[in-house]
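For reference, the structure discussed in these notes is given below.
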Amino acid sequence: MKKSTIWIISIVMGFAFIGLLLLQISYIEEMAKMKKEQFDESVNRALYQASSDLEMNETQRYLEKDVNEVERRAFTQDSVYVNGLDGAIKHSHQFAVSADDGTIYSAFELKTFQTKPSSVPKAMIMRTDKNQMSEAAKSLQEIVRKRYIYQKSLLDEVIYKILYTASDRPLKERVNFKQLDQDIRVKLLNNGINIPYHFTVSTSDGREVYRCPDYSEEGEKYSYTTTLFRNDPSSKMGVLRIHFPEMSRYIFSSVRFMIPAVIFTVVLLITFIFTIVVIFRQKRYTEIKNDFINNMTHELKTPISSISLAAQMLNDDSVTKSPQMMKHLGGVINDEAKRLRFLVEKVLQMSMFDRKTASFKKKELDLNELLEQIAASFNLRVEHTGGKIDLDIEAVDSALYVDEVHFQNAITNLMDNAVKYRKPDEPINILIHTWNEGNRLLFSIEDNGRGIKKENVKKIFDKFYRVHTGNVHDVKGFGLGLAYVKKIINLHEGEIRCDSELGRGTKFTVSLPVLQEDAGEGKK
């Protein structure tokens, strides 16, 4: 699949996943917003109802108290007199309510009549009784009407006192805070809210009158207020402020069921991104593998061709088989066979390390001596370019416990790279430096060759990776040398770092643990 096709699929799928995730998040936000609005409406309604009940309770207390007091000031007056003409007896009942100053502002009179029985003929008794019943019914109607006027006058006085005297009392005397707390709890439950709350009561000018015993400031920034005694003068009004410490959890609980969907979407998005990264990495490895096959094919052609040509000359009867010729052909075959074996071993070594089946035969070595030997073996190649190898030996504790073959091969690869990647037609100078830092032994190999771009430095230890050299194809290899070096150094509990600048050279620094005397004796 083309790289551009993968990119298009990745972008489309990425936008789809991100869009789905944003849609879910937006839906959660809208649900939380709606729940918050419902919560606000329910709280405000509950507070309004609690405030109304507070005023009604105050009115009820005044009614119970003041009606009794007014009734105590009400008086009745009965009068009885006899009509001298017909001997009838007349009863009169007068009811009245007076104010504190003695003014009578409500009164009514009930009159009943009773005729003297001795003056009424017996034949008229039945008729008289019927007339008395009719008069009694009318009297009862009059009593009800007058009683209504009487009760209304009582209420008028109570209401008058509430309007003009109740608001003069301090707020803390007008409010039963325990009853208010119960009313708030009941009203909140009736509106579907059953979470802890804290409240305060203060005057209109901000002076706090009451604070609930378990009050805390958590969630105080999301508070709700309502006015107490809203029909009183503004200076006499109270302010009820309430907040809910667990409001956020309450709102979150309504959208909690959406959280798994968001998590699954995020997991799918991460998995998709990881898959795309793996695809690009595998594609890169495939390209590197193809380059490796091409390079290996090219590298193998030369020794195979040389061995094939030598074999043809040996089999050609027309060619004189002198001892010198036979020795030359045998040397060519031997050298090219060694070259083939070296190429195959490099590939097998990396395959062996990938399977983690490598086994070391470690022994004690002196790093200073080992570097001097390797430098001596490279002297001729360096001097041939007109350059030189300088040794700066500063390490005092230079003993190492390493595998001689693999460790020597790693250093040889670093030296070989310094020689191979020199500047064309310029002498190559190499500086080898050793020193100690604490319980670590360090050495560096620095050259003045071509150098490496900064963006390529972090990739040079990757297997099969080779720095692009443009149209220059004078350096052969598979991109395995530095990967092998890093693997060997890491397996010896060491670290390797590369510092390079294009056109100025490259420096490899290796840090290894120093061989301790007691540890060395044990390892031996």
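Considering only protein heavy atoms, what is the solvent-accessible area of Thr227 at a probe of 1.4 Å, reported in Å² to the nearest 10?
Here the residue's solvent-accessible area equals roughly 50 Å².
In region 176-231, carbon and sulfur make up what percent of the accessible area (probe 1.4 Å)?
41 percent
Out of residues 5 or more away from Leu391 or on other chains, whose amide H comes under 5 Å of its own, with H placed 1.01 Å from N in the peptide plane?
So Leu391 has HN proximity to Ile432.
If I take every Cα pair under 8 Å that is 6 or more residues apart in region 363-466, average their sequence separation and divide by the length, what percent do I get for the relative contact order?
29 percent
Points 7 angstrom from Cα along the Cβ direction at Phe274 and Asn294: gap in nanometres?
Between Phe274 and Asn294, the simple spin-label model gives 3.4 nm.
In terms of solvent-accessible area of protein heavy atoms at a 1.4 angstrom probe, what is the ranking of Met13, Met237, Met56, highest value first?
Met56, Met13, Met237
Quick one: if you stick a label point 7 Å off each Cα along the C-beta vector at Ile263 and Glu208, how many nm between them?
The answer from the label model is 4.0 nm.
Would you mind counting up the charge near Asn194? Only other residues with Cβ under 14 Å from its Cβ, with Lys and Arg at +1 and Asp and Glu at -1.
+2
With a 1.4 Å probe and every protein chain left in place, tell me how much accessible area His328 has, in Å² to the nearest 10.
Using a 1.4 Å probe on the heavy atoms, I get roughly 110 Å².
Starting from the 7 Å offset along Cα-to-Cβ, what nm value, one decimal, do you get for the label separation of Ile9 and Lys363?
Rounded to a tenth, the inter-label distance reads 5.5 nm.
Only sites in a loop by DSSP and with at most 15 other Cβ atoms within 10 Å count here; which GluC sites (Glu not before Pro) in region 211-292 make the cut?
Those that pass, being in a loop and sparsely packed, are Glu217, Glu218, Glu220, Glu246.
Residues with beta-carbon under 12 Å from that of Val277, excluding Val277: net charge, scoring Lys, Arg +1 and Asp, Glu -1?
+3
Rank Tyr224, Tyr215, Tyr421 by accessible area, highest first, at a 1.4 Å probe radius?
Ranked from most to least accessible, the order is Tyr421, Tyr215, Tyr224.
Check which residues have an amide H placed less than 5 Å from Val209's amide H, if you skip close sequence neighbours.
Those qualifying (amide H under 5 Å, at least 5 residues apart or on another chain) are Val201, Ser202, Thr203.
What ³J(HN,Hα) values, in whole Hz, does the Karplus curve 6.51 cos²θ - 1.76 cosθ + 1.60 give for region 429-439 when θ = phi - 60°, with x put for Gly and Pro?
For region 429-439, the Karplus-derived couplings read 10, 10, 10, 10, 10, 10, 6, 10, 9, x, 9 Hz, x marking Gly and Pro.
Rolling a 1.4 angstrom probe over the protein chains, ignoring ligands and nucleic acids, what is the accessible area of Ser223 in square angstrom, nearest 10?
Spelled out: Ser223, probe radius 1.4 Å, area about 50 Å².
In angstroms, what radius of gyration and Dmax does region 231-275 have, counting Cα atoms only?
In order Rg, Dmax, the Cα atoms of region 231-275 give 22.8, 72 Å.
Could you pull out the trypsin sites (Lys or Arg not before Pro) across region 219-296 that fall in loop regions by DSSP (anything but H, G, I, E, B) with no more than 13 other Cβ atoms inside 10 Å?
Lys221, Arg230
Give, as a single signed number, the net charge of other residues whose beta carbon lies under 11 Å from the beta carbon of Ala310, with Lys and Arg counted +1 and Asp and Glu -1.
Within the 11 Å Cβ shell, the charges total -3.
The values are calculated or read from the model by the stated rules, or taken from the named source; none is laboratory data. Worth saying up front: this structure is predicted, and the values here are computed from it rather than measured. Note: ideal-geometry Cβ built from the backbone for every residue, glycine included; neighbour counts use all protein chains shown. All accessible areas refer to the heavy atoms of the entire protein, side chains included, with ligands and DNA or RNA removed. Shrake-Rupley method; radii C 1.70, N 1.55, O 1.52, S 1.80 Å.
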